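Report on the following structure.
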Amino acid sequence: MAGSVVDVQANNPQVPGQPGAVFPTNKSNEPSIAVDPGRNQFLIAGANDEQEQPACGAAIRSSTPGDCSFFPGVGTDGVYTSSDSGHTWLNRGLIDDQAGWKASPLVSDGDPVLFFGPRPDKKGNRAYYVGLASYKPGQSPYPAGKAPELISLSYSDDDGVTWSAPTIAATKANPNNFNDKPSAWADLSPASPFYGQVYVAWTQFRSASVNGQSAPVLVSRSTDFGATFGAPNKLSPAYNNGGKGGRQGSAVRTGPDGTVYVVWEEASTQVVAVSTDGGASYGKFAVAGQVADIADPIPGANFRTDSFASLATDPRAGSTTAYLSWVNRTAGGGRLVVATSTDRGATWSAPVTVSGSGNGYAFFQGLDVASTGRVDVAFQGLVANDPAKFGTGNARIDSWYASRPPAGSWSAPRKVSSVSSDPAASAQNNLQRQFWGDYSTLVSTGSAAYFIYTDSRNGIGCPAVDNYQQALIAAGVPVAPDDQNAGTDASSGGAVISKPVVPADCGAQFGNSDTFVSVIAP
């Protein structure tokens, strides 16, 4: 029915075979979604999913009661499928549970990207799952202390039920490389001379650290449906420092004629590089728009943020139109903007603001173009009771959707989440910040839009964790990222800021963040 919305949990059940879960096994975020272009009732989603992590402080993990850190050798890439147009979902566990992954030396590390391309026989479509990966304990070919972050690709020819063993899609010879934030896509246009080629883009931190001084954007391609990848193209400068800036947040898409578009955030701009020869070479990148990164954290909350762009192309035959969306910081808060190119990315329109104050502080958008040419965008928005504070009950997050017909203007955003989320119900594994991930995604068909996002409606906050995070900030203690356990008990001027013990100091549903999908009839 036109205008209808249903929001459903994709990681359902949260942990297969168990009636409930506690932190961190109840944690899911950074979701991605794809729809089979030939059979729209079949959808596949993925997310960072900690359903197989051991309990905090368990003997198998460590003897420290408050230790909830990521456990070595346990994957984090969840797989969820729907066969009824997104109205119900099945959690199929981790991609690591697949036979090909069990036999491989790799373990999944998150940042999933889901998309479809044609099968090699061109009879039906193949689903792809791209994400970060590392070597299982004891299986790395590199010396001790060397731990490269890889980018892996698996495929499924049965709409996500079974998956192939992983292929390494990124540079694999240097143990000092930390490859991060991948994006990937397959050419789905039968009219394209590069039909079926697979492209993977990412940022490569060349000192095995996200703070490395050399960090170019790279893109590689597969001409054999993901079986192998060639040497990557370097699309950007490599420097990464405060004086010149750095780059992150790449996204890749193809147009109906096979044009390849790659966008990333370069210092204070969104830039786009284009290939017209199937990814063999790329021209100099063009500036698509200015970026004012949103506040980190958003006032009233305490999770990390970014202004990475989403990219989509008009799939209709003959179209040379592409779209970019991102969120800019303004005096009134985060505002979603969309820019358009009608000449294969050579020039871009001034960005149009789509969200407003009534939608809260916008962040983490998704963008796609339907087969009809309709442009869909969705995002999350945060409203704080007191922007100067954060903690349980202080803020709420909702999801919003807007669309634009092929010829026309943007609709007013409408809410597509039926229950609000409290960001204080989420947490990094080290408890030092809330955690919402780095992105949401959206995919469109002619009759529907599917927005997938992090949601904590089933979770609760923990005052002890709120107090711990507030004490760290008040003392000026540097906060470690999500995948580090440093600073469990922080020291400040001789005083010790004690870390809470989960679950002893928190309710059972603390940290519960799920992956939800809003099924939208435009």
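Structural remarks
- Within the straight-line cut-off of under 30 Å between alpha carbons, the lysines reachable from K136 are K27, K102, K146, K172, K181, K234, K499, sequence neighbours fewer than 8 places apart in one chain being disregarded.
- Heavy-atom accessible area per residue - the chain, 1.4 Å, Å²: 35 Å²
- Listed values [x] 42; [y] 47; [z] 38 include one computed from this model; for percent of Cα pairs over 32 Å apart that value carries the label [z].
- Only Lys, Arg, Asp and Glu carry charge here, each on its Cβ (+1 for the first two, -1 for the last two); on that basis the chain has a dipole of about 800 debye about its Cα centre.
- Here region 366-516 exposes an accessible surface that is 54 percent carbon and sulfur, computed with a 1.4 Å probe and the other protein chains kept in place.
- Using a probe radius of 1.4 angstrom, the carbon and sulfur fraction of the accessible surface of region 257-315 is 54%.
- For the chain, cysteines whose Cβ has no other cysteine Cβ within reach (under 4.7 Å): none
- By definition, a body whose alpha carbon gyration tensor gives a ≥ b ≥ c is oblate when a/c is 1.5 or more and a/b is not larger than b/c, and region 75-135 fits this oblate description.
- Net charge, V519 excluded, C-beta distance under 13 Å - Lys, Arg +1, Asp, Glu -1: -3
- The helix-based estimate of mean residue ellipticity at 222 nm for the chain, built from -39,500 (n - 2.57) per DSSP H run of four or more residues and divided by its residue count, is -1000 deg cm²/dmol to the nearest 500.
- Exposure of K146 as accessible area (Å², to 10), given a probe of 1.4 Å and all protein chains: 80 Å²
- Working from Cα pairs under 8 Å separated by at least six residues, relative contact order for the chain is 14 percent.
- Proximal aspartates and glutamates to K122, defined as alpha-carbon separation beneath 16 angstrom and excluding residues fewer than eight positions away on the same chain: D36, D157, D158, D159, D187, D224
- Between K415 and K136, the distance separating the two model label sites (each 7 Å from Cα on the Cα→Cβ line) works out to 4.7 nm.
The values are calculated or read from the model by the stated rules, or taken from the named source; none is laboratory data. Everything numeric here is computed off the predicted structure, so don't read it as measured data. Counting neighbours? That spans all protein chains shown, and the Cβs are built from the backbone with ideal geometry, glycine included. Side chains included, ligands, DNA and RNA excluded: accessible areas come from the protein's heavy atoms. Shrake-Rupley method; radii C 1.70, N 1.55, O 1.52, S 1.80 Å.
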